[in-house]
Structures are given as structure tokens and as C-alpha cells.
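J.: Mind looking over this structure? Questions follow.
The values are calculated or read from the model by the stated rules, or taken from the named source; none is laboratory data. Note that this is a predicted model, so its numbers are computed, not measured. All Cβ positions, glycine included, derive from the backbone under ideal geometry; neighbour counts span all protein chains shown.
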Amino acid sequence: MRFLRRSLVGLFLLSLTLGLLVYAGVLVRDAVQARLADEPRIPEARERVFAVNTVPVRLETLRPVLTAFGEVQSQRRLELRSAVGGTLIDFAPEFVEGGRVEAGQLLARIDPADMQAELDRAESALMDAEAELREARRAVTLEEDALTAAEDQAALRQRAFERQRDLADRGVGTAALSEEAELSASSSRQAVVSQRQALAQAEARVDQADTALTRARIAREEAQRRLDETEIRAEFAGQLSEVTVVSGRLVSANEQLAMLVDPDALEVAFRVSTQQYARLLDAQGDLRDAPVTAVLDLFGTNLSAEGMLDREGAAVGEGQTGRQLYATLDRARGFKPGDFVTVEVEEPPLERVARLPATALDASGAVLVIGAESRLEPVEVELMRRQGDDVLVRAEGLEGREVVAQRTPLLGAGIKVRPLQSDAQTGAAASGEDESETLALSADRRARLVAFIEAADGMPEAAKERVLAQLSQDRVPAEMVARLEARMGG
């Protein structure tokens, strides 16, 4: 019985399995037949539309700004050097690093004992020369008087000789008396010649005394000059830098003691490319009197000074390119020689140009504008200037059209686009405010920044006040906060 029951169960399961297999085969066959009988359905293709940011084109007259980097320096610099060697004494209190001095102020003195002794000797020699000149002139006067007397005596003896000769002709006198009178007259004439020689020697003595007096005066002036050179004075009002000496130090001749700088006569030296330099020339090839702005970045707050383009370098330095330009600065408050600044020079204005984002221009000098049916059209433009993240371009028939602000590899000619212009973006652009550029500070974060600014010793007071005023507002510029925290070390 057991065998029979198991045989029946096995037969039942085998029948059930075969039935399921047959049913599955029928289902597969029906599905294949239905798939082969159906016609393929192709979905309808839709054109892809890209969303793009656009900017309207407005042609206007713009003045490009040339940006360069330069160094502030003083137009008046003077090296204070010792003209003579010696020991430094009598230091002025202002003769220190950064000390302010006035024009003509005595800064230091070199021990003048040796120079004073030399001056005294020169003055003594001068008095001797003056006395010698007076004595020589008196001797000339005496010799002139002696010559006059000799000439008078010679005239008397000549008349006596003539009288004696007249007497001899008349037979009254003797020949011996005539010869004696002639010898006396001859001796008188010889005495006159000797006296003239003595007068000439006296006059030569006067010339020698005059020459000696001139040399004595030159020696005295030189001694006085060397004595004056022991005093180191300020040639103009300014500040001292590079002070390297102290009181009591022994210095040598021509040794540099300090540098005198005029902090009010500042200029900025900067280098531009030759192409940029050519744009700053006028029709005669001279440098234009273009306005210049020097900007010094301090903790997110900028110090600026206005000026004018002054001159250009005479030659291009070895191993350098471009042109070196110099601009004078007016009322450069807070600037010091050696500051590294950003220089902005206004170029001549450009007419009928449009300002566009630099990302709107491709490498071939073309922009994409929205044409008919919102499809993109490439337009060739002339690049006039690059101004930071913007470009100044010029093209015919571009005014009033919409230009794609950001080019991507997916955009090209014939692509259909959808311009993005939201009211929020329009309002933000009109007001000039960007909330993403400001942030709200917590009380602890604000307190740490304020404490750091108040403790900054090298920061000018005017800059501190501006930064603290910005930190007191509800929203603070994010760039300034980032810079301050970077300087704080986090």
C-alpha cells in the first residue's frame, strides 16, 4: 500500500510539472508572436533649449583705465655724509630713525678742535700777510720820495755843470772845476738810476705781498669751510632714514650717516608695456598729462592719492622691457616711500564702445547674440581694451541687442536659447548691491576682529577708523573679513 501511494503521488507531481511547462511555452510563444506583429513606435524628438544669461549692449563714450603696479618714492632725497673725519658730538634729538627735521637745522657736529686750530693759524698767517703788504707799500712811498730827491739833486748838479762850462767858455773858470762839476752831474744821474731800481724792487715787494695776502685769504677761507663742514645740517625739511651712527662714534670722510627724505614730495614709479605706453602719447609723441590714481590696500580698506603723469624714463634698463613712467602725487596722506601700490592711469576716451563681460568674448574675437526665433548668431567685434573682468568692444549693428554673458562649449551658432532675466537680478544690478559680497557677523567674531584692528600698531589711524566703522555695520564686506582673518591666522 505504501508503494502504491508513493507511486500515485509521484505520477501526480510529474503530470503537474509537465502541465506547467506546456503553459509556460504557450505564454512565451504568444508573447513572441505579439512582439513580432506590433509596429515599432518612434518617440517624437524635441529640440533642446538652453538657458543663458544675457546683457544688453549700449554704445557709449568710455574712458579706459590702464592698471599697473608701482612703488612710491620721494622726489627729494639727500645722503647726509661727513665731509671730514672725526668724532661725532652734539647730536640733535631729532637725529634718529624717522625723526622730522627743519631746513637748516643742526643735526650733529664733528669735533671741531683740529679745524679751529687750523683756522686760527690761517688767520694769523693772514694778519702777517696784511702787515707785510702795508710795510711794502710804505717802502714804495719812501722810495718814491728818495727818487724825487735824487732827481732834484741831479737837476741842480746839471745846472751847476752847465754854469761852470759857461764860465770856462768865457775864460773865467778853470778846466779842473768844469770836470769836477761834470763828474758830480754824472754821479747824480747814476744815483737817480739806482733809486729807480730800488723803487722797482719796492713795487715788486708790494706785488709779492699782495700775492701772499691772496694765498693767506684762500687758506683762511678753506680753513673756515672745513670748520663749517664739521656741522651736519638739513638742507630741507623732511624725515631721516637709514640712521647708522650714534654720539661719540669716530667717522671717516665721506661716510654716510643718514638719508634725508622729503615725505611731502612723493611720486610713484611704475612700468607699462610698450603698447600701453604708445596709447599715452599725444599727436606730437609727447607724454600726455593724464590723471593718475595710486591705491594702497590696507586690511581691506584702500588708501588712494590723486596725481598727474609727469615724465618717462630716459632709457630701457638692461634686461627689462616696456617703459618706466613717473607720476607726481598730490596730498598723498598715509603713503610712504617704498609702498607697493596699484596705479590707475586714465587713457583718452573711446567713442561708441560697449562694456561686456570678458566671458562673452571668445578667442576668435566674436560674441553670441540672440537673433530671430531666440537662436544664437555669432558677431565679430573689435576688442579695444580689457578692463579687469570686462572688455570694451566696438562693432556695427550691435547696439540694443542681447549678448550671451558666459560662453560655454554647448553654445554655438543656431542654438535656441532662453534668456534669463529675473526681477531680483535686475533690481540688484540697478542698486549696485550684491548680498553675496556681504555677511552678518556673530558677536564673538565681530569682537575678535575689532580687537585685532585696535591692536594693529602699523595701521594708520585713519584706516583703523574706516575699518572699525565698517565692522560696526550689520552686514560687513566678506572680502574684508577674509583678509582680516587671514592676517589673524584663521
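J.: When segment 444-490 is examined, which residues are found to be part of a loop (DSSP other than H, G, I, E, B), within 18 Å of Ser304 (Cα to Cα) and among the small types (Gly, Ala, Ser)?
T.: Answer for segment 444-490, where residues must be part of a loop (DSSP other than H, G, I, E, B), within 18 Å of Ser304 (Cα to Cα) and among the small types (Gly, Ala, Ser): just Gly458.
J.: I need the full set of residues from segment 236-248 which are in a loop (DSSP other than H, G, I, E, B) and surrounded by 13 or more Cβ atoms within 10 Å (Cβ to Cβ), in order please.
T.: Within segment 236-248, Phe236, Ala237, Glu242, Val243, Val245 meet the criteria.
J.: Let me ask another. Can you find a residue that is farther than 30 Å from Gly307 by Cα and of a type outside the set (Val, Ile, Thr) anywhere in segment 74-82?
T.: The answer is yes; a qualifying residue exists.
J.: Next question, about the same structure. I'd like the full set of residues that are in contact (Cβ under 8 Å) with a residue 24 or more places away in the chain, within 36 Å of the chain's Cα centre (by Cα) and surrounded by fewer than 13 Cβ atoms within 10 Å (Cβ to Cβ), limited to segment 362-391.
T.: The answer is Gly388, Asp389.
J.: So which of Arg134, Arg138, Arg58 is outside the structural domain of Thr342 (by TED's automatic domain parsing), within 30 Å of Arg385 (Cα to Cα) and not in a strand (DSSP E or B)?
T.: Checking each option against the conditions leaves just Arg58.
J.: How about segment 295-336: which of its residues are under 14 Å from Ala269 (Cβ atoms) and of a type in the set (Lys, Arg)?
T.: Arg311, Arg323
J.: Just one of the numbered conditions (1) at pLDDT 80 or above; (2) closer than 26 Å to Leu368 by Cβ; (3) polar (S, T, N, Q) is not true of Gln425; which one?
T.: Evaluating Gln425 over (1) at pLDDT 80 or above; (2) closer than 26 Å to Leu368 by Cβ; (3) polar (S, T, N, Q) leaves (1) as the failure.
J.: Which condition from (1) over 30 Å from Thr148 (Cβ atoms); (2) of a type in the set (A, V, I, L, M); (3) not assigned by TED's automatic domain parsing to the domain that holds Gly313 is the one that Ala209 breaks?
T.: (1)
J.: Could you tell me how many of the residues in segment 80-117 are among the acidic types (Asp, Glu), at pLDDT 90 or above and either closer than 22 Å to Ala253 by Cα or surrounded by 17 or more Cβ atoms within 10 Å (Cβ to Cβ) (or both)?
T.: The qualifying residues number 0.
J.: Within segment 254-279, how many residues turn out to be more than 19 Å from Ala294 (Cβ to Cβ) and charged (D, E, K, R)?
T.: 2
J.: Something else about it: Among (1) touching a Lys or Arg at 6+ places or on another chain (Cβ under 9 Å); (2) at pLDDT 85 or above; (3) under 29 Å from Val65 (Cα atoms), where does Ala462 come up short?
T.: It is condition (2) that Ala462 fails.
J.: Another one. Can you name every residue in segment 255-301 that is of a type in the set (Gly, Ala, Ser) and within 30 Å of Thr438 (Cβ to Cβ)?
T.: Answer for segment 255-301, where residues must be of a type in the set (Gly, Ala, Ser) and within 30 Å of Thr438 (Cβ to Cβ): Ala294, Gly300.
J.: Collect the residues in segment 100-133 that are within 17 Å of Leu240 (Cβ to Cβ) and among the aliphatic types (A, V, I, L, M), keeping them in residue-number order.
T.: Val101, Ala103, Leu106, Leu107, Ala108
J.: Conditions: (1) assigned to a loop (DSSP other than H, G, I, E, B); (2) farther than 30 Å from Arg76 by Cα. Arg217 meets all but one. Number of the miss?
T.: (1)
Matching residues to (1) more than 30 Å from Asp210 (Cβ to Cβ); (2) within 50 Å of the chain's Cα centre (by Cα); (3) not small (Gly, Ala, Ser):
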site	(1), (2), (3)
Gly86	yes, yes, no
Gly99	yes, yes, no
Ala117	no, yes, no
Arg138	no, no, yes
Leu147	no, no, yes
Ala160	yes, no, no
